[in-house]
Each structure stands twice: as C-alpha cells, then as structure tokens.
Amino acid sequence: MRWVALTAVAPVAWGTNYFVTHEYLPADRPLYGAALRALPAGLVLLAVRRRLPRGAWWWRSAVLGLLNMSVFFVLVYAASQLLPTSVASTVMAVAPLTMMLIAWPLVSERPRTAHLAGAVIGLGGVCLMLLGGAGGVSVAGVLASAAAMLVSSFGYILAKRWNTGADVLASTAWQLTAGGVFLLPVAAAVEGRPPAFSGQTLLAFGYVTLIATALAFAAWFTGLRHLPTGTVGLIGLLNPVTGVLLGTVVAEEALTVQQLGGLALVLAGVVLGRPGRADRRSVARAASRTCPTPVRNE
C-alpha cells in the first residue's frame, strides 16, 4: 500500500495542475508554458541525482522525453486553457483502460478481471460526477485532452518497459530535460520572445515545476516500477476526482448527492484494482529478471 500511496501523489498533483494552469499561466503561450514546466523540473532532479544517461538511454531519454514531456505537456497546457478544470481532467478517466490495453503487448501484463472491472466502475463514477456539468465545451480542448491521454498512456508503458532496473529519479530527470530542450527552440521560433511574468505567475510556475512535475513524475514512474499497470492506471482516476473537488471548493459549491455517489464509485474502482499477491509476485519476478541499466556518476 505504500507504493499505492506514493503513486497517488502524481494524479492528485496533476489534478491541481489543470486549475493552476487555467487560472494563473498565460493562455497564449503553450509552448513556453510546457518548456518552462519540463526543463527546470529536469534540472532539479538532475541536481538531486547526478547521473547522465549511457548507451541506449541517450535515445530512450529522447523518445520518452518527446512523448511524456514535450508533446504531452503542450497538449495538456492547451486543454487546461480551453476547458474547465473538471472537464479537462475528466478525459483522463479513459487512461486506465488505454494503459491496460497497451501494456498487454508491450510489457506482457494481461489485465485482470478486477482491473478491468475497476476501470469501468471508476469511469462510470467520473461520468456520474460530471453529468450535467459545464456546457459549451470546446471541441479543440477535448481533442487536445484526448490526444494527451493517448500519447501519455503509450509513453508511460514504454517507460515501464525500459525503466526496469534503471534509476527512477535519473531516468525521470533525463526525460524532463530532453523534453524541455526539444521545446525551447520550437517555442522561440513559434511564439517569439518569452513572455514577461508577474510574481504570481512565477509562483504558479514554481508549483507546476516542483510539485506537479518533478515530484509527481518521480512518484508516478516509481509506481510503474513497483505496481501492475492496471493498478497504476486506476490510481490515475484520482486526477479527475481532484479536478472536480478543487473546482467545487474554489467555487464554494457543495457536492451534490450525485457527485458524492460518483466519487464513491471512483474510490471503489481504485480499491478493486489494488494489487493482490499474484500481482506483487509477478512484478517482483519481472524486476529480478532485468539487469540494472548502467549509468555514469557525475
């Protein structure tokens, strides 16, 4: 359960990230917004874990950085600006099923019945929470959020396939740094000079960088190392739950009976998909079969 609790830090932080991005970050600078989220977070983790990639990890870091950080962050930034916080985070409720299906061929993790049932129950709970919610939803925002979900689901499973035996903090730092390096020249070419930031915007970027990125991704990839994909995907349902609860608290609106019922279904789905003994033995055997990836201390 400690791995479940640690992994839960990530979706909760990401659920708050939608609100912070929507309210405090510049709406017309998604490329700079994504670059300034990825690169500082990567450098912070590199300062904590002073290791450089070696061998195959140079190109692996580039591929994962492009998927999990560059493309994903831009799409999430756009979705956060175009959609209400609850709607933007809710599209991610499809991620558990997507991750399970991708993990089956890539990492040979066949989804258990409990995982599939938990995903369906959780998705139903999220839909119940948002039924009759905000109208006039941006189609472009929904497409951006759906694309972010697909890209990240594939990238996370690819990271799980490659990360076994590698240092989690180091590989996370490499991905974030590579993603930021990719984005900066593109942002300069497309969006011109960096925007001038107020003190409030800098504080918001500080939260997004340190909590919603560096800490969240380190926790998420650690969870992917120690837990079955189905369990990690279900924990991700805490993302839309956080978005809905945060929007409710900020708007000072009481949760309806319908929303409380949906919240209960989501939590039931997460509990249903928690790892059993067979799952833990399977993950342990997979880790023991993989030799550590060599890294160079700096």
ask   = Checking residue 47 against (1) of a type in the set (A, V, I, L, M, F, W, C); (2) outside any helix (DSSP H, G or I); (3) free of Cβ contacts under 8 Å to residues at least 40 places away in the same chain, which test does it fail?
value = (2)
task = Determine whether residue 100 is closer than 19 Å to residue 156 by Cα, touching a His at 6+ places or on another chain (Cβ under 7 Å) and either of a type in the set (Gly, Ala, Ser) or part of a helix (DSSP H, G or I) (or both).
result = yes
Given (1) loosely packed, with under 15 Cβ neighbours inside 10 Å; (2) in a helix (DSSP H, G or I), number of the condition residue 207 does not satisfy = (1)
task = Give the residues of segment 20-30 that are surrounded by fewer than 21 Cβ atoms within 10 Å (Cβ to Cβ) and in a helix (DSSP H, G or I), sorted by residue number.
result = 20, 22, 23, 24
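So for segment 10-19 (the condition being touching a residue at least 12 places away in the same chain (Cβ under 8 Å), surrounded by fewer than 19 Cβ atoms within 10 Å (Cβ to Cβ), part of a helix (DSSP H, G or I) and touching a helix residue (DSSP H, G or I) at 6+ places or on another chain (Cβ under 6 Å)), does at least one residue qualify?
no
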message = Going by what's in this entry, would residue 90 be described as hydroxyl-bearing (Ser, Thr, Tyr), modelled with pLDDT of 85 or more, in a helix (DSSP H, G or I) and crowded, with 18+ Cβ neighbours inside 10 Å?
response = no
message = Anything in segment 170-200 that is in a helix (DSSP H, G or I) and surrounded by fewer than 15 Cβ atoms within 10 Å (Cβ to Cβ)? List them, or say none.
response = 185, 188, 189, 190, 199, 200
task = Could you name every one of the helices (runs of 4 or more DSSP H) located completely within segment 228-294 that has at least 2 residues being more than 23 Å from the chain's Cα centre (by Cα), at pLDDT below 75 and loosely packed, with under 13 Cβ neighbours inside 10 Å?
result = 277-289
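The values are calculated or read from the model by the stated rules, or taken from the named source; none is laboratory data. None of the values given here were measured: they were computed from a predicted structure. Cβ coordinates were reconstructed from backbone atoms using ideal geometry, including for glycine residues, and neighbour counts include every protein chain displayed.
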